[in-house]
Structure formats: structure tokens, C-alpha cells
1. Mind listing the long-range amide H neighbours of Ser136? Cut-off is under 5 Å, sequence gap 5 or more, other chains count too, H placed in the peptide plane at 1.01 Å from N.
2. Could you name the aspartates and glutamates in cross-link range of Lys150, using Cα to Cα under 20 Å and dropping any fewer than eight places away on the same chain?
3. Please list, in chain and number order, the residues 5+ apart from Cys53 or on another chain whose amide H is under 5 Å from its amide H, with Hs placed from the backbone.
4. For the chain, calculate the relative contact order in percent as a whole number, restricting contacts to Cα pairs under 8 Å that are 6 or more residues apart.
5. Net charge within 13 Å of Lys348 by Cβ-Cβ distance, Lys/Arg positive one each and Asp/Glu negative one each, not counting Lys348 itself?
6. If each residue of separation counts as 0.36 nm, what is the full-extension length gain between Asp95 and Ser230 once their alpha-carbon separation is subtracted?
7. Can you list the residues, at least 5 places off or on another chain, whose amide H is less than 5 Å from the amide H of Lys334, using H built in the peptide plane?
8. Which whole-number percent is the relative contact order of the range 176-309 (Cα, under 8 Å, 6+ apart)?
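Laboratory data are not the source of any read-out in this text; all were calculated from the coordinates shown. Please read these numbers as outputs of a predicted model, since none were measured by experiment. As a convention, Cβ positions derive from the backbone with ideal geometry for all residues, glycine included, and neighbour counts pool all protein chains shown.
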Amino acid sequence: MTPHLRTAALALAVLLTAAACAKAEAPQSAPAPTGTAGQQVVQSPAGTAGPTCTLEQFGGTKFDLKTATVGFSQSEKEANPFRIAETKSIRDEADRLGITDLKVTNAQSQFSKQITDVQQLIAQGVRLLVIAPLNSDGWEPVLQQAAAKKIPIITVDRKINAKACSDYLTFIGSDFYEQGKRAADRMIDAVGGKGKVAILLGAPGNNVTTERTNGFKDRVKEQAPGITISFEQTGEFAREKGQQVTEQLIQSNPDINGIYAENDEMALGAVTALKGAGKEPGDIKIVSVDGTRSAVQSIADGWLHAVIESNPRFGPLAFETAQKFLDGEPIPDKVIISDRDYDTANAKDSLGEAY
């Protein structure tokens, strides 16, 4: 990333605008307003202004990010490339900004540990919390403690089911329902609009799984009534679990035509299972979501049909949003980024842009 080229992502008119920014690790495929770190920033819903929050409304006090204690709570084990890239982005941007006291925790995919992690960060005097939530519900103890100390919370990647500008400040992430719809479009194309399709569901209890599932199903129902979703089981966003579930799938549904994996790790586990069953590349069409380098390579190798990107590089947008909030500017309740697609037409040339 070119550190000297920055972007204005939030405007005084309470609209998300965008200016030109550096072409970062993940350039996007369609023209759109561009936010920091190469992420396209779009307004939600449908480009209209939504609720906003200011420092005065929130009731906090201004502080210097560089000298403040800042906490980042990672949710999952960093065996997942998405989580590795996400944490690295937070660390790298903190270093670039000169933030001297960044405390990072990892819940190791245990929600109870994440709650304890964040409570400990609060006890250690953090002034800002950036949280990648494991689950969307169950955050009440943390939110109450943070609210009592007027600690702004920015959630990235997944939402918390709570009230913006009160329980937390804002959410930064992708439109997961739209990702599901786009994955469905790729699956419809792959199987010719008919056949049996399986879904490897993500972990239960968070909005990513729910919205990626609903978007996919709604799109298939609308555009391809000839497709039957004949199998659904959680792979918990994990490669090993994705492999196990696919092994069961092959036994129970030998005539399956396509697999929609709600992240790349499960898709790659599915590929391992298909190889073990003697399948050839393309025998079963696989569409997934994330954009990891291994998944993009699997497209080039013929095992995956397409991947819908979910950009994990939230560091610049998270800290830029926090700084604007501290400067008294209105912050939207959500900053939705637009992600690219990978397919057979661009996988080889785009491999270096994946994470």
C-alpha cells in the first residue's frame, strides 16, 4: 500500500463520498467510490444517507489516538488467511499512524474468551475498541461496561446486534446479503440454472452466515427455480470441517452438481474431499466467498468456479473513521465496502492481489 495517498471517506453532509486513493493490495473490478486501503466505499441503503453519530451525540471526550491505549479483539484462530490479513491490517495502520499502545487479543474462536478478552481490554484503560465479533448476540456485558466509560466501539467484518451511537459507534464491512446474491449468480451460470446444489454454512450465531445464506437462497429462488438446494450443513468457516461435511455430502448426495461454500476455507476443504473421492476439477462446481490466495489459485487450477471477495483490510478505514469521529465529524452507522469477483477470466492475473 502507498502510505502517503489517503482518502476522504466521510463527508460533513452526512454522505459517504470518496476521492481517489492509492491502488492498494486489492484493487476493485468495478468503478465506484474508493475508500482507504483500496476498498470501495458505498452508501447504504442504495446510496442514501443513513443515521449518523458525532462525538457530542455519543457523549465521549476527544483524545489523541497516537498516545491512547487502543484495543483490537480478533475473534478467530489465525489459521484462516482472512483473519491473518485482518489483524495485519490493523497492526500495520496503527504503526503507520504512530499509535504507540495497541493491544491485540485473539479469542481462538471461543465466544466466552472474546467477551473476557474485551472486558480485560476495558480494564486496561483502552480509549477505543475495534472488535471483529465472533457472534452477533451476547455482547451486553461488554457494551454496558464500555458505555459506562464512553469507550467508542467500531465493529469490523461482523455486526453486533445493538444500537449504533449508543452501544457501539459504527460497523465497517461488506454487504453479506449482496455477496450471497452474487455467489448465486455465479452458481446459476456454473450449473446452467438447474440441478442440485449444497450449501456449506458458516458458523451459526452471526450475521455473516445468515445474510450470505439468505442472499444466495433468495437469488436462486428468483432467478433459477430449476435449482434445488438439497443439502445444508455448517462447516463452521473451517477447512477441516468443510472437508468432513463434503465427505458426508458425497455419500448422501452423489448426484450433487454444485457447492456454495460461505467462505474459502470450507471451499478448500471441499476440494480436498472431492480429490479424495476421485473427482476431477469441474465435476462439481464450487463457488465461495473471501478471496484468499489459495482459493484464487484453485480457480486457476479448475477446482473452484468463482470466488466473491470479502476484503479484510479494515485497518485504514477503522482508524480513519475513529479520527473523524474524534474530530467532531458525523460518522455513519455503517460503512459498506464493495468487493470484487474472481473467476476463470481473471484468476491467474489477479493472484497477486489476493490475500
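1. Asn206, Asn207
2. By straight Cα distance, Lys150 reaches Glu56, Asp64, Asp101, Asp117, Glu140, Asp167, Glu320, Asp327, Glu329, Asp333.
3. For Cys53, whose amide H was placed from the backbone, the distant partners under 5 Å are Ile331.
4. With pairs under 8 Å counted, the relative contact order is 21 percent.
5. -3
6. Extra length from Asp95 to Ser230 when fully extended: 43.8 nm.
7. Here the answer is Phe171, since their amide H atoms fall under 5 Å of that of Lys334.
8. 27
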